[in-house]
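Read the structure below first, then the notes.
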Amino acid sequence: MRARDSQRRKVYTAEQKAFEGQPIDLPEIADIERYIAHVCSLGRVKESFPKLVARPVMVGDGRRRRSACGNSAGISMPRHSRKRWVVLHELAHTIIHRIPGGWTMAGHGWEYCEAYLTLVRHVMGVDAHDRLKAQFKAHRVRYKAPRQRKPVSPEQRAILVERMRLAREAKVLQAA
């Protein structure tokens, strides 16, 4: 079962603010295919995302679609969405779908956002990466793995329980 995509709207808003004013710079499908070939030829991208470059990314023209989409086979790009950052957004979906278990992850979850930020850094540069990351932070988009809690030993648990009991007693005494 696929995880709930709770960050979708936040990611879209953050992207719009980070990349607003960008023109449609890939008007034809052939332009998008050349751009993807360039992205996949970069050494940093090959190193970071071997599953992306393992097989070709198919590009559809996006007819009968309102928005661009990406899956394990490739991407579909309607005319209004043919911008470099949108192509990278959809390639990040392709990356996530090509890893084992990718179909169970949230569509715009932290794994996706981490891959997207890395792709933006490798292709568009550090400035674009920093702008997008700042917008992710401003809109509270998760882009890192959640921290793992350290296991608590029975002795530590007993100490914490005693502290909580004392704090509750102090609170009751203050209220009285």
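The values are calculated or read from the model by the stated rules, or taken from the named source; none is laboratory data. The shown structure was predicted, so the numbers you read here are calculated from the model rather than taken from an experiment. Cβ sites come from the backbone with ideal geometry, for glycine too, and all protein chains shown count toward neighbours. Ligands, DNA and RNA are stripped out before the accessible areas are found, and what is left, the full protein with its side chains, is counted by its heavy atoms. Shrake-Rupley method; radii C 1.70, N 1.55, O 1.52, S 1.80 Å.
Side notes on the structure shown:
- The mean sequence separation of alpha-carbon pairs under 8 Å and at least six residues apart, normalised by the residue count of segment 54-176, gives a relative contact order of 15 percent.
- Using 0.36 nm per residue and subtracting the Cα-Cα separation, the extra length available between H38 and R165 on full extension is 39.5 nm.
- Ordered by 1.4 Å accessible area with all protein chains kept, K150, K10, K137 run largest first as K150, K137, K10.
- Solvent exposure of the chain amounts to 65 Å² per residue of accessible area, where only protein heavy atoms count and the probe is 1.4 Å.
- FRET efficiency estimate (nearest 0.05) - Cβ-Cβ, A175 to E155, R0 41 angstrom: 0.85
- Taking the empirical scaling 2.2 N^0.38 Å for compact globular proteins as reference, segment 86-164 has a Cα radius of gyration ratio of 1.56.
- Per the Kirkwood formula applied to alpha carbons, the chain shows a radius of gyration over Rh ratio, Rg over Rh, of 1.18.
- Placing unit charges on the Cβ atoms only, positive for Lys and Arg and negative for Asp and Glu, gives the chain a dipole magnitude near 640 debye about its Cα centre.
- Listed by chain and number, the lysines whose alpha-carbon sits under 28 Å from that of K144, ignoring those within fewer than 8 places in the same chain, are K10, K17, K46, K51, K83, K133.
- Dividing the helix sum by the residues of the chain, where each DSSP H run of 4 or more adds -39500 (n - 2.57), gives a mean residue ellipticity at 222 nm of -18000 deg cm²/dmol.
- Nearby lysines by direct alpha-carbon distance to K171 (threshold 29 angstrom, same-chain neighbours under 8 apart not counted): K150
- Computed from Cα atoms, the angle from the helix 110-124 axis to the main principal axis of the chain rounds to 50 degrees.
- Amide H partners (placed H, <5 Å) of M58, local residues excluded: G74, I75
- Portion, in percent, of the accessible area of the chain that falls on carbon or sulfur, probe 1.4 Å: 53
- Tilt relative to the chain, helix 126-138 - C-alpha long axis, 0 to 90 degrees, to 10: 40
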